Amino acid sequence: MQFYRRWSRPVALSFDLDDTLYDNHPVIKRANVWMEDTLADELGQRINWTIYKNKVLQHDPMLIHDVTECRRAWLSLGLKTQGVAHAKERANELMEAFIAVRSDFSVPERSHQLLAKLAQRYPLVAMTNGNVDIQRIGIAEYFTHIYYAGGEYRQKPYPDLFQATAEALSLPPEQIAHVGDDPHTDVYGALCHGYQSVWLNDRQSPCPVHLPHVSVTDLAELEALLV
């Protein structure tokens, strides 16, 4: 555990999800492979779907903040271009299945134990740029509020999720500590919007340019800090 800024015990906590409470890399890799294989089987060939993603983002740049709607849009465009009947409906079906596949994993027991302890002491809020189904992975019960980027909310480090959290908790930002793994979206985002920042650096990465209030290397250190 390393302190970089003056730290005071928070009144509430916000948590990033992907790669903070579980390792998301193999999960999203498996889901992407599933999607690519499914599309290849249906179309009889492998398509460069990046072309369609780039097209929908050129048409609507704000989709960059909504990973679900962005994928849905490029799927629909790509399927239509490939001559698939009812492309929009099929894209909806594929997205529903994709969310199920990317949410088909078990959160480590250590994360469950920590969240259960923290939920007895603090209001907990989840905020994510991703699209995991938090109900399906079994951790929704620990959080008083859950916020996804997309729709009216831009992705971290933009202020939208941080502001929504502070408003929901009726707390000034400085009384909230945000826990996350990403130096830019989590650490920089929290600092920009007045939160205390707890950086989960379980990969032993070099210190970011914008230093957090505290860095921890694992959930045990996070528990020691907050419980």
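For E36, the criteria (1) assigned to a helix (DSSP H, G or I); (2) touching a residue at least 40 places away in the same chain (Cβ under 8 Å) hold in every case but one, which is (2). Say whether the condition of being crowded, with 16+ Cβ neighbours inside 10 Å, over 19 Å from the mean Cα position of the chain (by Cα) and not assigned by TED's automatic domain parsing to the domain that holds T185 is met by at least one residue in region 93-110. Yes, region 93-110 contains at least one residue that is crowded, with 16+ Cβ neighbours inside 10 Å, over 19 Å from the mean Cα position of the chain (by Cα) and not assigned by TED's automatic domain parsing to the domain that holds T185.
Between K117, K88, K53, the distinction of being assigned by TED's automatic domain parsing to the domain that holds D218, assigned to a helix (DSSP H, G or I) and either touching a residue at least 12 places away in the same chain (Cβ under 8 Å) or in contact with a Gly (Cβ under 9 Å, 6 or more places away or on another chain) (or both) belongs to K117 only. Among residues that are modelled with pLDDT of 95 or more and either closer than 18 Å to I64 by Cα or assigned to a helix (DSSP H, G or I) (or both), V125 is not included. In region 135-147, the residues that are assigned by TED's automatic domain parsing to the domain that holds F162 never reach a residue that is modelled with pLDDT under 95 and in a strand (DSSP E or B) with C-beta atoms less than 7 angstrom apart, at least six apart or across chains. Residue check: is V27 aliphatic (A, V, I, L, M), modelled with pLDDT of 95 or more, in a loop (DSSP other than H, G, I, E, B) and closer than 30 Å to A224 by Cβ? Considered against the rule, which asks whether it is aliphatic (A, V, I, L, M), modelled with pLDDT of 95 or more, in a loop (DSSP other than H, G, I, E, B) and closer than 30 Å to A224 by Cβ, V27 comes out as no.
Mind listing whichever residues of region 118-174 are basic (K, R) and within 16 Å of the chain's Cα centre (by Cα)?
The answer is R136, R154, K156.
The values are calculated or read from the model by the stated rules, or taken from the named source; none is laboratory data. Keep in mind it's a predicted model, so treat the numbers as computed, not measured. Glycine also receives a Cβ, built like all others from the backbone with ideal geometry; neighbour counts cover every protein chain displayed.
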